[in-house]
Amino acid sequence: MSTQDEMMTRVAEVQAKYTEELMRKAHVQGTAIGLAKVDGKYTDQIALVVLVDQKVPVSELDEKDIVPSELDGIRVDVQEIGFLQAQ
C-alpha cells in the first residue's frame, strides 16, 4: 500500500469518526476527503474537508461551532461551497 493510500485510509477513518459531530456545527453542510486549499489554491496535502455554506471569522462563531484545524493528527480544511438545495 502506498503512502498516499495509507493517508486516504487514515483520513477516511477520521472522517467516519467525526462527521456526525462536525455536522452539528453552524454552517457545516458536509465533509469530504480532498486537497487542502491555501489562499484559494489547492495544495498537494490530503485533508478532511469540512464543507460550509459560508466561511465566518472565528471571532463571530460560538466556541462550540469552531471547526478544529486538526483531528487525530489529520489536517482539517474548511471550504466554502455556498448554500445547498435540492433541484
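The values are calculated or read from the model by the stated rules, or taken from the named source; none is laboratory data. Keep in mind that this is a model prediction, so the values were computed, not measured. Note: ideal-geometry Cβ built from the backbone for every residue, glycine included; neighbour counts use all protein chains shown.
Yes/no matrix, rows are residues, columns are (1) at pLDDT below 95; (2) not in a strand (DSSP E or B):
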site	(1), (2)
Met1	yes, yes
Asp5	yes, yes
Ala12	no, yes
Gln15	no, yes
Ala47	no, no
Val78	no, no
Phe83	yes, yes
Gln87	yes, yes
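Any idea how many residues of the stretch 41-63 are farther than 23 Å from Met7 by Cα and either in contact (Cβ under 8 Å) with a residue 12 or more places away in the chain or of a type in the set (Gly, Ala, Ser) (or both)?
Here the count works out to 8.
The residue that is surrounded by the fewest Cβ atoms within 10 Å (Cβ to Cβ), among those in the stretch 17-45 that are among the hydrophobic types (A, V, I, L, M, F, W, C) and not in a helix (DSSP H, G or I), is Val38. Residue pairs whose Cβ atoms lie under 7 Å apart, separated by 6 or more positions or on different chains, with the first residue in the stretch 64-87 and at negative phi and surrounded by fewer than 16 Cβ atoms within 10 Å (Cβ to Cβ) and the second among the small types (Gly, Ala, Ser) and at pLDDT 95 or above, are Asp65/Ala26. Note on the stretch 48-62: among residues that are among the hydrophobic types (A, V, I, L, M, F, W, C) and under 29 Å from Met8 (Cα atoms), the one that is surrounded by the fewest Cβ atoms within 10 Å (Cβ to Cβ) is Val58.
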